[in-house]
Structure formats: C-alpha cells, structure tokens
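**Q** Shown below is the structure under consideration.
The values are calculated or read from the model by the stated rules, or taken from the named source; none is laboratory data. Just so we're clear, the structure is a prediction, and the values are computed from it rather than from any experiment. FYI the Cβ positions are ideal-geometry reconstructions off the backbone, even for glycines, and counts take in every protein chain you see.
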C-alpha cells in the first residue's frame, strides 16, 4: 500500500515536470525506474523526481539559475562536495530538480524515479534476484541488470 501511495505521489508530481520539460523540445525522452536496488546515474537536461527507501543521492547543478536547483526532503544527513555538488542520505528521502542541466547519482534500495529530458543514463543493479525495473519512452518495463547498462535517452531512443 505504501509503495502504491509513493507511486501515486510521484506520478502527480511528474505531470508538471513533464509539462515543463516537454515545452523545451519534442526530442525529450522519458525514463521510469521502479523499486531499484543498486545505482542510477543521469547526466542530462530536463526534470527528475524521485525517492528511495535507503541510500544516498548526489546532485550536481553546474549552472546556477537554469532550473529549480536540487530540492531534497527527508534526508538524515548531507555533505557539500563542491560549490555545485551535494550528497544527501538517509531513509525515505525524496528529491527533485526541474529544468536545467544536472547530474544525479542515486545509490541504495527502493529507488523510484521519473526523468523527462535528454541525457546519458547508466543503470547498475546490485546483482540480487530483483534489482527493480525500468522503462524508457513508454516501452514495457525490463529488469535492471546486475552490470552497468549505459544508454542515451531522447525521444528517438529504443
């Protein structure tokens, strides 16, 4: 029940983000990650909304003022890595960055996120029996592999 509520909230939050990102260009792709365990890396431009059950998220926002900047709630701790990069961690953490260029690295379990935009993605499961699933551009969900799976996300991605 809690997982369903989390997805409902993420879906409701993703609609404005998708509208914002969609205004920028028709070449934006979409990525959905459900209940992942391992690491998800996104380096791109657009919008990301996500959460995790336990772990950390590192967000680099190199261009000040080109979007909302990182918004993180529920974190137990944070550490500034540089002027443009911060890591937050804990349990039941939620994060988002809407608009602009960014890099996000999420490590942990129970990772759920939506990305609308263009960029490089790397999915890397923890090597368990169930590392979660992902779907790009509305395709069917596939299992996240236990090895790094890099791909370029845009509207023309397979």
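**Q** Among the candidates 55, 29, 46, single out the residue that is closer than 24 Å to residue 92 by Cβ and either modelled with pLDDT of 90 or more or within 13 Å of the chain's Cα centre (by Cα) (or both).
**A** 55
**Q** Quick check on this structure: which one of 50, 89, 127, 119 is on the phi > 0 side of the Ramachandran plot and part of a strand (DSSP E or B)?
**A** Working: 50 fails: on the phi > 0 side of the Ramachandran plot; 89 fails: on the phi > 0 side of the Ramachandran plot; 127 fails: part of a strand (DSSP E or B).
Residue meeting the stated conditions: 119.
**Q** On to the next question. Restricting attention to the range 100-123, and to residues there that are over 8 Å from the mean Cα position of the chain (by Cα) and crowded, with 21+ Cβ neighbours inside 10 Å, which single residue is farthest from residue 152 (Cα to Cα)?
**A** 108
**Q** Among the candidates 97, 49, single out the residue that is without any contact (Cβ under 8 Å) to a residue 60 or more places away in the chain and closer than 14 Å to residue 115 by Cα.
**A** Every option except 97 fails the conditions.
**Q** State yes or no: is residue 75 surrounded by fewer than 19 Cβ atoms within 10 Å (Cβ to Cβ), over 15 Å from residue 116 (Cα atoms) and modelled with pLDDT under 95?
**A** So residue 75 fails the test.
**Q** Which residues, taken from the range 130-140, are part of a loop (DSSP other than H, G, I, E, B) and within 21 Å of residue 27 (Cα to Cα)?
**A** 137, 138, 139, 140
**Q** Might you let me know whether the range 99-111 holds any residue that is within 14 Å of residue 37 (Cβ to Cβ) and touching a helix residue (DSSP H, G or I) at 6+ places or on another chain (Cβ under 9 Å)? Talk me through it step by step, then tell me what you get.
**A** First pass over the range 99-111, keeping only residues within 14 Å of residue 37 (Cβ to Cβ): 106-111.
Subset that is touching a helix residue (DSSP H, G or I) at 6+ places or on another chain (Cβ under 9 Å): 110.
There is at least one residue in the range 99-111 that is within 14 Å of residue 37 (Cβ to Cβ) and touching a helix residue (DSSP H, G or I) at 6+ places or on another chain (Cβ under 9 Å).
**Q** Being at pLDDT below 95 and either more than 19 Å from residue 41 (Cβ to Cβ) or out of contact with any strand residue (DSSP E or B) (no Cβ under 7 Å at 6 or more places or on another chain) (or both) narrows it down to one residue among 129, 80; which is it?
**A** After applying the criteria, what remains is 129.
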